[in-house]
1. Looking at the stretch 81-89, can you tell me whether even one residue there is more than 28 Å from the chain's Cα centre (by Cα), part of a loop (DSSP other than H, G, I, E, B) and touching a residue at least 40 places away in the same chain (Cβ under 8 Å)?
2. Which of the residues belonging to the stretch 247-265 are touching a helix residue (DSSP H, G or I) at 6+ places or on another chain (Cβ under 6 Å) and assigned to a loop (DSSP other than H, G, I, E, B)?
3. Of all residues in the stretch 366-404, count the ones that are assigned to a loop (DSSP other than H, G, I, E, B), in contact with a strand residue (DSSP E or B) (Cβ under 7 Å, 6 or more places away or on another chain) and either crowded, with 19+ Cβ neighbours inside 10 Å or modelled with pLDDT of 95 or more (or both).
4. In the stretch 230-240, is there at least one residue being part of a helix (DSSP H, G or I) and without any contact (Cβ under 8 Å) to a residue 12 or more places away in the chain?
5. If you scan the stretch 295-340, which residues turn out to be in a loop (DSSP other than H, G, I, E, B), in contact (Cβ under 8 Å) with a residue 24 or more places away in the chain and touching a strand residue (DSSP E or B) at 6+ places or on another chain (Cβ under 8 Å)?
6. I'd like the full set of residues that are without any contact (Cβ under 8 Å) to a residue 60 or more places away in the chain and in contact with a helix residue (DSSP H, G or I) (Cβ under 7 Å, 6 or more places away or on another chain), limited to the stretch 491-525.
7. Quick check on residue 47: is it outside any loop (DSSP other than H, G, I, E, B), at pLDDT 95 or above and over 20 Å from residue 173 (Cα atoms)?
8. Would the stretch 478-489 turn up any residue that is on the phi > 0 side of the Ramachandran plot, surrounded by 21 or more Cβ atoms within 10 Å (Cβ to Cβ) and within 29 Å of the chain's Cα centre (by Cα)?
C-alpha cells in the first residue's frame with residue numbers, strides 16, 4: 001500500500017484540471033491547507049472521482065462468451081497470478097479513488113456553514129459516499145477480504161494495515177450507498193446518468209448485494225430503484241447501444257472524441273495506468289470485419305451463439321425451429337442484434353464467411369469486392385465465422401475511433417437482479433415473471449402484456465426459473481462485461497472455463513471435403529445444450545468436422561478470487577495472500 005498511499009496523500013485533486021498553480025508545500029507532506037476551502041475546489045475534487053480509469057469493469061474476454069483468435073487471457077488460460085496487471089491496477093486505482101473520497105468526506109464535514117449551499121453540499125457528499133461504496137464493492141467482489149479504512153492513513157500506518165472481513169466491509173458499503181441515496185436527487189438535468197443519483201446508488205447496492213449472496217438486500221434495493229418510477233427500458237434493444245446516454249442507463253461514464261477519451265486503433269487515448277497498462281487494451285480494428293479494415297480478432301464464441309433461445313423460447317437442441325444450416329433464423333432477436341447475421345449488410349458491406357463466397361457486395365461503393373472475411377481468401381478471417389455487432393456503428397469505421405459511453409449499470413439489470421433475488425429467496429410470484437418478461441418482450445419490440453407475440457416466461461419451479469433467469473441475463477448482457485461475475489457467483493466458472501473454444505475446420509481442403517461438399521455448413525450438427533445452457537461441441541470435433549482453437553483452464557481452488565497484487569504483499573507483511581496463489 002505504501003506507493004498508493006504516497007500518491008494519493010497529495011489529496012484527490014492530482015487528477016483534476018486547473019491545479020497546476022496550487023501551492024503544495026511540501027508535496028511529500030501532502031499539504032492541503034489551501035484546498036477544499038470553497039465550492040469550486042470541492043466540486044473540482046468531486047469531479048475527479050469520475051476519472052474514467054477509476055471505473056474499472058470486468059471484461060468478456062475472461063469468459064466463455066468470447067474468443068481472441070487462438071490466444072487466451074490470464075484468467076481463461078489459468079495463468080493468473082499476483083503479477084496480473086489488470087488486477088494490480090484495479091487494486092491501485094480503487095484505493096486512489098477511496099482515498100480521494102475519504103478526504104472529501106472528512107473536509108466537507110468540517111466546512112463552515114454557508115460556504116456551499118446545502119443542496120450542493122448534499123450532492124457532493126452523496127457523490128463521495130457513492131464512489132467509496134462502488135470502489136469497495138469492486139474490491140470485495142474480486143479479492144474477498146481487503147484493506148478497509150475511512151480515514152487517510154500516513155505512510156507508516158500503511159505498513160500495518162491488514163485485511164478486514166468482506167462481510168464487515170459489505171455493511172459499510174451498504175451504509176455508504178444508503179447515505180448517498182438519502183443525499184442525492186433522482187436526477188440532475190445538467191449531467192444526466194453521468195453523475196451519481198439516488199437511483200444509481202440503489203441499483204449498485206442491489207448489484208453488490210446480489211454478488212455477495214445477500215438476496216434480501218438485493219431484492220429490497222432493486223425494488224426501491226424500480227419504485228422511483230423514473231426508469232424504463234429503451235424500446236429498441238439494438239439501436240440503444242448506438243445512442244449515447246440512452247434513456248435506459250442509470251449510471252455511466254461518458255467517452256468523447258472531443259475530450260480525448262475514446263477507443264482507437266491502438267487502444268484507448270487515455271492516461272496510462274500505474275504499470276503502463278492502458279485502460280482498454282483492445283483496439284477498434286480488433287472488432288471490425290476484415291472487409292472494413294479490421295482484424296475480426298475479438299469475436300463472439302460459439303458457446304454464446306448457441307445460448308440464444310429460439311423464438312419459441314426453447315434452446316436450439318430442443319426447438320423444431322432451429323436449423324444448423326441457417327443458425328440465425330428463428331432466434332431471439334438479441335442474437336442478430338449482438339452477432340452479425342450471415343448475408344446481411346454490416347456497416348456497408350455484406351458479411352458472409354462462407355468459404356465459397358469469394359466476393360461480396362459493398363453498399364459503400366455499389367460494387368463487389370474481394371471477400372477477406374472468408375478463410376479461402378484470408379487465413380486470418382474470423383476463426384469461427386462470427387463477428388460482434390452490438391454497439392458497433394459507422395463511427396467505428398470512418399477513422400477507426402469510437403467513443404461509446406461506458407455504461408456501469410442500466411435498468412434491465414435492475415429488473416433481472418430483482419427477479420433473481422426473489423427466485424433465490426423462493427418468492428415465486430407474478431412480479432418475478434413480469435420483471436423477466438418485461439426485458440424479454442422489449443427484445444421482441446412488444447408490450448409485456450402481448451404474450452402471444454413473444455415467448456413469455458410462465459410460472460415454473462424455483463430451479464427452472466433460476467435457469468431461465470441465467471439464460472436471460474446471458475442473452476441480454478452479452479459483451480457488456482457482466483458475464484464474468486455471473487459465472488463466478490453462480491460457481492459455473494469451473495465448468496464453462498474448462499471447456500474448449502472451437503472454430504471452422506481448417507485447412508480449406510478439409511472444410512470443403514468434410515463439411516461444404518456434404519451440405520453441412522454452418523454447423524455440421526446441432527450442439528447439445530445442458531441444464532445450464534452450456535453447449536457441447538465435442539462430438540463435432542471428434543468426428544473431425546470442426547477444429548480446436550484453444551482450451552480454457554480454470555483452477556477452482558484459487559481463481560474464484562483474484563490474488564492480492566505482489567507489490568502490496570512485499571511492502572506489507574500484514575497482508576495475507578489469497579489461497580493457492
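1. Among the residues of the stretch 81-89, not one is more than 28 Å from the chain's Cα centre (by Cα), part of a loop (DSSP other than H, G, I, E, B) and touching a residue at least 40 places away in the same chain (Cβ under 8 Å), which makes the answer no.
2. 248, 254, 265
3. The number of residues fulfilling the criteria is 12.
4. yes
5. 297, 301, 308, 309, 311, 315, 316, 317, 318, 322, 332, 340
6. 505
7. Spelling it out, residue 47 is indeed outside any loop (DSSP other than H, G, I, E, B), at pLDDT 95 or above and over 20 Å from residue 173 (Cα atoms).
8. yes
The values are calculated or read from the model by the stated rules, or taken from the named source; none is laboratory data. Everything quoted here is computed from the prediction, not taken from an experiment. Counting neighbours? That spans all protein chains shown, and the Cβs are built from the backbone with ideal geometry, glycine included.
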